[in-house]
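A.B. asks: Please read through the structure below; I'll follow up with questions.
The values are calculated or read from the model by the stated rules, or taken from the named source; none is laboratory data. No experiment lies behind these values; they were computed from the predicted model shown. We place every Cβ from the backbone using ideal geometry, glycine too, and count neighbours over all the protein chains shown. Keep in mind that these areas ignore ligands, DNA and RNA; they rest on the heavy atoms of the full protein, side chains included. Shrake-Rupley method; radii C 1.70, N 1.55, O 1.52, S 1.80 Å.
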Amino acid sequence: MPMTVLVTRDVEARYRGFLASAMLEVSPGVYVSPDLSSGVRERIWTVVKGWHSALKRGALVMIWRERDAPGGLVLRHLGDPPKEICDADGVLLVRRN
C-alpha cells in the first residue's frame, strides 16, 4: 500500500470533511495517507470525481507510487489541463496534453 497524496484547490468545504475522514490534512488542501489501499483510493476518487463533475469548480490532483507506471508514479487530476508523467532517460517529466 503506497503513500497517496491528494491536493485540492478552490473546492467546496464538503471535500475537506470527506477527505479528512480517510487521510491526514498536512496543509490546507493537501491530504496524505502512508498506507491507503487501492480499494479505498478508488472509492475516494469516485466520490470526488462525482462531486467535481456536478459542481464544476476547483481542481484536484492525486498521486501515488505504482511500480509498473512510467517513472513509478500515477497521476490523476480534475479541473486542470490533462497531464501525464513521462520517463525521459531516467528523468521524470510532466507533459501537458
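A.B. asks: With bins 5 Å wide starting at 0, give me the P(r) of the chain over every alpha carbon pair, in whole percents.
C.D. replies: Spelled out per bin, shortest first, that is 3, 12, 24, 24, 19, 12, 4, 1, 0.
A.B. asks: Based on Cα positions only, what radius of gyration and what Dmax would you give for the range 56-97, in angstroms?
C.D. replies: Calculated on Cα positions, Rg and Dmax stand at 11.2, 37 Å.
A.B. asks: Follow-up. Which whole-Hz ³J(HN,Hα) couplings does the range 13-19 yield from phi under the Karplus relation 6.51 cos²θ - 1.76 cosθ + 1.60, θ = phi - 60°, glycine and proline marked x?
C.D. replies: Rounded to whole hertz, the list is 4, 4, 4, 4, x, 5, 5.
A.B. asks: On to the next question. At 1.4 Å probe size, with the rest of the protein present, what percent of the exposed accessible area of the chain is carbon and sulfur atoms?
C.D. replies: About 55 percent, which is the carbon plus sulfur part of the accessible surface.
A.B. asks: To continue, here is another question. Report ³J(HN,Hα) in whole Hz for each residue of the range 39-55, in order, from the Karplus equation J = 6.51 cos²θ - 1.76 cosθ + 1.60 where θ = phi - 60°; Gly and Pro get x.
C.D. replies: x, 5, 4, 5, 5, 4, 5, 4, 5, 5, 5, x, 4, 5, 5, 7, 8
A.B. asks: Set the Förster radius R0 to 30 Å, insert the Cβ-Cβ distance between R16 and L92 as r into 1/(1 + (r/R0)^6), and round the FRET efficiency to 0.05.
C.D. replies: 0.55
A.B. asks: Run the dipole for the chain about the Cα centre, Lys and Arg Cβ at +1, Asp and Glu Cβ at -1, nothing else charged, and hand back the magnitude in debye, nearest 20.
C.D. replies: Roughly 360 debye, rounded to the nearest 20.
A.B. asks: Any idea of the accessible area per residue across the chain, 1.4 Å probe, to the nearest Å²?
C.D. replies: Accessible area per residue: 61 Å².
A.B. asks: Further, regarding this structure: Under the rule of at least 5 residues apart or a separate chain, name every residue whose amide H is placed under 5 Å from the amide H of E66.
C.D. replies: Residues meeting the amide H criterion: L73, V74.
A.B. asks: Step through the residues of the range 85-97 one at a time and calculate ³J(HN,Hα) from phi using the Karplus curve (6.51 cos²θ - 1.76 cosθ + 1.60, θ = phi - 60°), rounding each to whole Hz and writing x for Gly and Pro.
C.D. replies: Working through the residues one at a time gives 8, 10, 9, 10, 6, x, 9, 7, 10, 9, 9, 8, 7 Hz.
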